[in-house]
1. Answer with yes or no whether Val270 is surrounded by fewer than 19 Cβ atoms within 10 Å (Cβ to Cβ), among the β-branched types (Val, Ile, Thr) and modelled with pLDDT of 95 or more.
2. What do you reckon, is Ala184 in contact with a Leu (Cβ under 9 Å, 6 or more places away or on another chain), more than 16 Å from the ligand (Cβ to nearest atom) and open to solvent by 10 Å² or more (accessible area, probe 1.4 Å)?
3. Any residue at all in the range 191-205 that's hydroxyl-bearing (Ser, Thr, Tyr) and out of contact with any His (no Cβ under 8 Å at 6 or more places or on another chain)?
4. Quick check on the range 34-52: of everything there that is open to solvent by less than 10 Å² (accessible area, probe 1.4 Å) and within 25 Å of Ala177 (Cα to Cα), which residue is farthest from the ligand (Cβ to nearest atom)?
5. Within the range 193-218, which residues are more than 15 Å from the chain's Cα centre (by Cα), within 14 Å of the ligand (Cβ to nearest atom) and open to solvent by less than 30 Å² (accessible area, probe 1.4 Å)?
6. For the range 250-267, what are the residues that are of a type in the set (S, T, N, Q), open to solvent by less than 10 Å² (accessible area, probe 1.4 Å) and within 16 Å of Ala350 (Cβ to Cβ)?
7. Strands (runs of 3 or more DSSP E) wholly in the range 110-224 with at least 2 residues that are closer than 26 Å to Gly347 by Cα - which ones?
Amino acid sequence: MKINGTHYRSIWHEDGDDGVAYINQAVLPHRFEIARLESLADAVEAITRMQVRGAPLIGVAAVYGLALALREDGSDRSLAQACAALLATRPTAVNLRNFISRARAGLTQIAPADRHAAAIAIADTIAEEDIAICTAIAAHGLGIIAAACERKGGRPEINILTHCNAGWLATVDWGTALAPIYLAHDAGISLHVWVDETRPRNQGASLTALELGWHGVAHTVIADNAGGHLMQQGEVDLCIVGADRVAANGDTANKIGTYLKALAAQDNGVPFYVALPSTTIDWTMQDGLAGLEVEERSAQEVLTIAGLDDQGALTRVQLAPAGTTARNPAFDITPARLVTRFITEYGIHAPQDLAGAVPHP
Ligand code: MRU
């Protein structure tokens, strides 16, 4: 995607470069900073600190991290240790496990001395595939937005609600939930996006609002609690969200708060779409996500908030009384029955058709 006319991906590796460049999302929207992965430790830190985040991007960054570990030491032991370190960074988004498993299966067939180059090639391939997948999701999702537009007679504009950030910053390029929105905007469809702020880390207010602004898409940030009210008032035509892990039966783990929006959508007859690459499906979880590990993050993310002070410096301020305890589950599970349709690179699927329509690896 373009920022002020310059094309960027969220992460990129150039031939001959020993490292990997990425946009540091921890300081957005206030600072635009390009950072580098030079080692496994850098990759582990970037993922853990959410300098790279979003299910597909976490997975791609992890495979580059694996490649950097194998540059130092291509042995079986190094491969196993690096995989374990990367898998421990963030437990819920399944792309990480899927991409690491794929890379590991290929690399064990290769001589240790050749593993670094092979791992870089695998990471580059997965990154390119992710872009192709998101491009296909955009095309399928465009049909949904165009149909909603037709139902409204083209005017007034279509109002879409989204949660968290499932845009190009969460993938390598384009995004999942935001990709159809970009394509619809580019096709001249008049649309406006309600952006859930997405407490506690505010990926909506900080990242989705930034992306939509860069692309020129009309949008309004709303407090997380406002979506249900707007749906009741008829101000939301459809919801599109991303996903971090989807079970074979369609139960969907996504950023905390997604479930409440899906409940409100159903109560108000608002279609609720989940856009995801097939790499976000966990085929080992057939029947719901009962065994899912939901990432628990620091209470400080709930008790404090980061932003710019009046001198323009990045700062963090306390919200709750000193000594208050907080709980911070990072994801929730939306039952498949609340999802109107899934949008994948293979098309648009009813929850009960997902397993049959999407090829299993
Ligand atoms: O904790 P994050 O910011 O990594 O969570 C991101 C989300 O929940 C996104 O909605 C999801 O990963 C889909 S990204 C295409």
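1. No; evaluated as a whole, the condition is false for this residue.
2. Considered against the rule, which asks whether it is in contact with a Leu (Cβ under 9 Å, 6 or more places away or on another chain), more than 16 Å from the ligand (Cβ to nearest atom) and open to solvent by 10 Å² or more (accessible area, probe 1.4 Å), Ala184 comes out as no.
3. No: the range 191-205 contains no residue that is hydroxyl-bearing (Ser, Thr, Tyr) and out of contact with any His (no Cβ under 8 Å at 6 or more places or on another chain).
4. In this case the residue turns out to be Ala46.
5. Pro200
6. Thr252
7. Hits in the range 110-224: 158-162, 191-196.
One line per residue, one yes/no per condition, for (1) aliphatic (A, V, I, L, M); (2) out of contact with any His (no Cβ under 7 Å at 6 or more places or on another chain):
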{"position": "His229", "(1), (2)": "no, yes"}
{"position": "Gly242", "(1), (2)": "no, yes"}
{"position": "Ala247", "(1), (2)": "yes, yes"}
{"position": "Lys261", "(1), (2)": "no, no"}
{"position": "Ile281", "(1), (2)": "yes, yes"}
{"position": "Gln286", "(1), (2)": "no, yes"}
{"position": "Gly291", "(1), (2)": "no, yes"}
{"position": "Asp310", "(1), (2)": "no, yes"}
{"position": "Arg316", "(1), (2)": "no, yes"}
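The values are calculated or read from the model by the stated rules, or taken from the named source; none is laboratory data. On a predicted model such as this, the values are computed, not experimentally measured, just so you know. FYI the Cβ positions are ideal-geometry reconstructions off the backbone, even for glycines, and counts take in every protein chain you see. Just the protein is used for accessible areas: all its heavy atoms, side chains included, with ligands, DNA and RNA removed. Shrake-Rupley method; radii C 1.70, N 1.55, O 1.52, S 1.80 Å.
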